[in-house]
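So the structure is just underneath, and the comments pick up after that.
The values are calculated or read from the model by the stated rules, or taken from the named source; none is laboratory data. In this text, all values refer to a predicted model and were calculated from it rather than measured experimentally. Cβ sites come from the backbone with ideal geometry, for glycine too, and all protein chains shown count toward neighbours.
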Amino acid sequence: MKKFAVVLSGCGVYDGAEIHEATLAMLAIAQAGASYECFAPDIMQHHVVNHLTGEEMHEKRNVLVESARIARGKIKPLSDFREADFDALLFPGGFGAAKNLSTVAFDGAEAKVNPEVEKAIRDMFAAEKAIGAMCISPTFVVKVLGDVDVTIGDEQATIDVIEAMGGTHLETTHGDVVFDAENRVFTTPCYMLDATIRDIWIGAYNLVDAMLKWMNDDFMLEE
């Protein structure tokens with residue numbers, strides 16, 4: 001049974017992990033007969049956003065503690081991640097990916113990546129294992145690995161950031177998956193496009209399906 005490490009960035013689209021993307025990715029993994037384990041860095045969120053009003057709140061929250069809401073408490077600090085225990089690494093999106101796992105939301109192409117996130121990506125890359133990234137997450141994968149083919153859909157400002165980081169962007173629509181064979185990176189746009197929850201399911205399903213087919217040497221997706 002193939003095993004995924006799913007890295008979360010909090011709980012909620014505006015300051016953490018996008019809940020639909022995270023949940024549907026885990027469902028896609030389970031439905032495919034694979035398994036997953038959740039991780040998150042044990043750090044403070046950049047800020048907390050009221051998801052009803054969109055306004056910043058005057059409080060502090062921890063990324064690991066908030067991510068545990070999605071994982072129903074079954075989650076480990078990212079410092080515990082070991083590449084040898086997993087076949088694939090998967091990052092759902094949400095602004096937490098660009099605010100907590102990296103500083104892409106603030107610094108664009110000059111962004112920094114959380115050291116534990118960077119180590120997880122580099123360890124999986126060195127082991128020639130699959131890396132998946134949804135929504136905004138491909139940005140920090142490019143920041144770590146450099147010239148990688150990825151997609152975030154068609155949002156020009158983020159495309160410019162990816163290309164300034166040295167990556168190559170391919171424009172896509174709902175459910176499309178871009179596979180970079182050399183770097184073993186799989187990406188899909190999700191809520192970087194104007195999407196419904198059904199669109200997110202299709203994207204999550206197709207991403208996980210592509211990753212598993214590659215891992216099982218049954219890969220037919222065009223590179």
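State the number of residues belonging to region 154-167 that are among the hydrophobic types (A, V, I, L, M, F, W, C) and surrounded by fewer than 22 Cβ atoms within 10 Å (Cβ to Cβ).
Final tally of qualifying residues: 3.
For region 194-214, give me the residue count where each residue is under 22 Å from Glu128 (Cβ atoms) and either surrounded by 20 or more Cβ atoms within 10 Å (Cβ to Cβ) or modelled with pLDDT under 95 (or both).
Result for region 194-214: 5.
Which is modelled with pLDDT of 95 or more, more than 16 Å from Phe39 (Cβ to Cβ), surrounded by 23 or more Cβ atoms within 10 Å (Cβ to Cβ) and aliphatic (A, V, I, L, M), of Val117, Val142? Outline the logic, then answer.
Working: Val117 fails: more than 16 Å from Phe39 (Cβ to Cβ).
Of the residues listed, the single one that is modelled with pLDDT of 95 or more, more than 16 Å from Phe39 (Cβ to Cβ), surrounded by 23 or more Cβ atoms within 10 Å (Cβ to Cβ) and aliphatic (A, V, I, L, M) is Val142.
Take His51 and tell me if it is farther than 30 Å from Ala126 by Cα and either among the hydrophobic types (A, V, I, L, M, F, W, C) or at pLDDT 95 or above (or both).
Yes.
All but one of (1) among the β-branched types (Val, Ile, Thr); (2) part of a strand (DSSP E or B); (3) more than 25 Å from Pro115 (Cβ to Cβ) hold for Val6; state the number of the condition that does not hold.
Against the list (1) among the β-branched types (Val, Ile, Thr); (2) part of a strand (DSSP E or B); (3) more than 25 Å from Pro115 (Cβ to Cβ), Val6 comes up short only on (3).
When Leu170 is evaluated against the numbered criteria (1) surrounded by fewer than 21 Cβ atoms within 10 Å (Cβ to Cβ); (2) touching a strand residue (DSSP E or B) at 6+ places or on another chain (Cβ under 9 Å); (3) under 18 Å from Ala88 (Cβ atoms), which criterion, by number, is the only one it fails?
Here Leu170 clears every test but (3).
Need a quick list: helices (runs of 4 or more DSSP H) entirely within region 46-153 having at least 1 residues that are out of contact with any helix residue (DSSP H, G or I) (no Cβ under 9 Å at 6 or more places or on another chain) and not acidic (Asp, Glu).
So the answer is 63-70, 115-126.
Among the candidates Thr187, Thr196, Thr168, Thr173, which residue alone is farther than 23 Å from Lys213 by Cβ and of a type in the set (Ser, Thr, Tyr)? It would help to see each step written out before you state the result.
On the way: Thr187 fails: farther than 23 Å from Lys213 by Cβ; Thr168 fails: farther than 23 Å from Lys213 by Cβ; Thr173 fails: farther than 23 Å from Lys213 by Cβ.
Checking each option against the conditions leaves just Thr196.
Here's the yes/no breakdown for (1) at positive phi; (2) among the polar types (S, T, N, Q); (3) loosely packed, with under 14 Cβ neighbours inside 10 Å; (4) under 18 Å from the mean Cα position of the chain (by Cα):
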| residue | (1), (2), (3), (4) |
| --- | --- |
| Val49 | no, no, no, no |
| Glu55 | no, no, yes, no |
| Ala68 | no, no, no, yes |
| Glu83 | no, no, no, yes |
